[in-house]
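Can you keep this structure in mind? I'll have questions shortly.
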Amino acid sequence: MGWATGWALDEGTAVGKMAAALGASGWWQRWRRRLSARDGSRMLLLLLLLGSGQGPRQVGAGQTFEYLKREHSLSKPYQGVGTGSSSLWNLMGNAMVMTQYIRLTPDMQSKQGALWNRVPCFLRDWELQVHFKIHGQGKKNLHGDGLAIWYTKDRMQPGPVFGNMDKFVGLGVFVDTYPNEEKQQEAQKRRYSPGVQRVFPYISAMVNNGSLSYDHERDGRPTELGGCTAIVRNLHYDTFLVIRYVKRHLTIMMDIDGKHEWRDCIEVPGVRLPRGYYFGTSSITGDLSDNHDVISLKLFELTVERTPEEEKLHRDVFLPSVDNMKLPEMTAPLPPLSGLALFLIVFFSLVFSVFAIVIGIILYNKWQEQSRKRSGLCSVTGASDAGIPRPRGHPLRHLTLVQEATHPRAVLL
């Protein structure tokens, strides 16, 4: 808008100088009034376009713009939620749609629910904004267990990790509201050292290639990338969480103070996430419970500039990983065989089996023939051995005499 104002001022100065040169004539005054009216209409249209909020919006420093992706977003009145093939979001377990929110689990024991996007995400850089609410009747440390936000290879897979499967493949961000490790330490009459104690509720993140298990007894401490305390229960204002993934840099921020300001929580460079995974959120309750509500999920595509060197470094990956963090190797599953390959394998297996059977029969027949010859030779030798005197001396000499007795023609020759 600054360049438009400057342009209008410059043009007004030029018009004023022209009016002074030509004199105060009537036709010039009428033309100037028309020009001013036309410029005013043009400026009004420009201001309306700038204030309408349409098009990309610049975020952060540098040339970064965001675009809302409706196929990966969810907000009231939740028209795209259901179980049909045309729905963009699917519910699972005890999750249910309400007028103002989607409740993953009610404030009841042993409940489990999830909400999953049906469309895989192929964006390179993105930002997910989550508007959520956790509340219930439980007092301090008598509530649980929390909720999780997912970007994973598999969807709609119930399990023990905040309502999702263990040994997942992808990214998990956990809003944990119950300190399992602390309670176990208290039960064993042990105390935390000040350096390792955490205050709950607690937000943490984990990247998994399918080889790691989430350790519930230690609240995921062995596999977390980082975390921070987030007092999010029973608040009277909105609570938000944002997950940003740009240039393999994972950043998690939160707005939980009612100030409409993002506060840093986790920042991890060198995170490699494949494209084509699914977004989702899930929750679970056990002996303790809470209401876990999701008000909205908004995914933005971020467009950032990359140098040629960054283009080479930021190539697509096939398994999640984190630089400078060793994850156990996973054996990649073999691709399924085609019909021709399966036919060739069966055909050559049968040919090899027939060939092996034929060779076995031939060898067996030769072995039987040699056995008959040996048995015949032994019987002839035994019959003629009764009339041959047994010589004394070397056993080879005895064998020679036996051969001479049994084959007199060979001896005579």
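The values are calculated or read from the model by the stated rules, or taken from the named source; none is laboratory data. This one's a predicted model, so the numbers in the text were calculated from it and none came from an experiment. Backbone-built Cβ (ideal geometry, glycine too); neighbour counts: all protein chains shown. Accessible surface areas use protein heavy atoms only, side chains included; no ligands, DNA or RNA. Shrake-Rupley method; radii C 1.70, N 1.55, O 1.52, S 1.80 Å.
Quick one: which of 298-311, 123-136 comes out on top by average Cβ neighbours within 10 Å, and what's the full order, highest first? Show your work: numbers first, answer last.
Details: 298-311: 14.0, 123-136: 20.3.
The densest-packed peptide leads the list: 123-136, 298-311.
Continuing with the same structure: Tell me, what HN-Hα J-couplings in whole Hz come from the Karplus equation 6.51 cos²θ - 1.76 cosθ + 1.60 at θ = phi - 60° for each residue of the stretch 313-320, using x for Gly and Pro?
In residue order, the calculated couplings are 6, 9, 6, 5, 10, 10, 9, x Hz.
Sort 79-91, 354-366, 142-154, 227-239 by the packing proxy (mean of other Cβ within 10 Å over each peptide's residues), most packed first. Let's see the in-between values first.
Working: 79-91: 13.5, 354-366: 10.0, 142-154: 22.8, 227-239: 15.8.
Going from most to least packed, we get 142-154, 227-239, 79-91, 354-366.
Rounded if a/c is under 1.5, else prolate if a/b is larger than b/c, else oblate: which is the stretch 91-183, with a ≥ b ≥ c the root eigenvalues of its Cα gyration tensor? Numbers along the way, then the final one.
Values: a/c = 1.75, a/b = 1.44, b/c = 1.21.
Taking the square roots of the gyration eigenvalues as a ≥ b ≥ c, the stretch 91-183 is prolate.
Pull up all non-local amide H partners of Gly163: gap of 5 or more, or a different chain, and H-to-H distance under 5 Å with H placed in the peptide plane.
Residues meeting the amide H criterion: none.
Given a Förster distance of 41 angstrom, what is the FRET efficiency for Thr229 paired with Ser349, based on the Cβ-Cβ distance and rounded to 0.05?
After rounding to 0.05, the efficiency reads 0.10.
What order do you get for 268-275, 313-320 when each peptide is scored by the mean count of other beta carbon atoms within 10 Å, highest first? Don't jump to the answer; show the numbers that get you there.
Working: 268-275: 16.4, 313-320: 13.4.
Averaged packing, sorted descending, gives the order 268-275, 313-320.
Could you work out what % of the accessible surface of the stretch 67-322 is carbon and sulfur, using a 1.4 angstrom probe and leaving DNA, RNA and ligands out of the count? Before the final figure, lay out the partial values.
Details: 5760 of 11850 Å².
Of the solvent-accessible surface of the stretch 67-322, carbon and sulfur hold 49 percent.
Using a probe radius of 1.4 Å on heavy atoms only, what accessible surface per residue do you get for the stretch 67-322? Whole Å² is fine.
Details: 11850 Å² over 256 residues.
Heavy-atom accessible area per residue stands at 46 Å².
Report ³J(HN,Hα) in whole Hz for each residue of the stretch 197-211, in order, from the Karplus equation J = 6.51 cos²θ - 1.76 cosθ + 1.60 where θ = phi - 60°; Gly and Pro get x.
Couplings: 6, 10, 9, 9, x, 9, 9, 9, 9, 8, 10, 9, 9, x, 9 Hz.
If you take the square roots of the eigenvalues of the alpha-carbon gyration tensor of the stretch 67-322 and sort them as a ≥ b ≥ c, do you get rounded (a/c under 1.5), prolate (a/b over b/c) or oblate?
On the way: a/c = 1.59, a/b = 1.21, b/c = 1.32.
It comes out oblate by the Cα gyration axes.
Given Cα pairs under 8 Å that are at least 6 residues apart, what percent is the relative contact order of the stretch 67-322? Before the final figure, lay out each step's value.
On the way: 647 pairs, mean separation 84.4, N = 256.
Value for the stretch 67-322: 33 percent.
Less than 11 Å Cβ to Cβ from Val119, Lys/Arg counted +1 and Asp/Glu -1: what total charge do the surrounding residues give? Display every interim value, and only then the final one.
On the way: positive: Lys69, Arg70, Arg118, Arg155; negative: Glu71.
Here the charged neighbours net out to +3.
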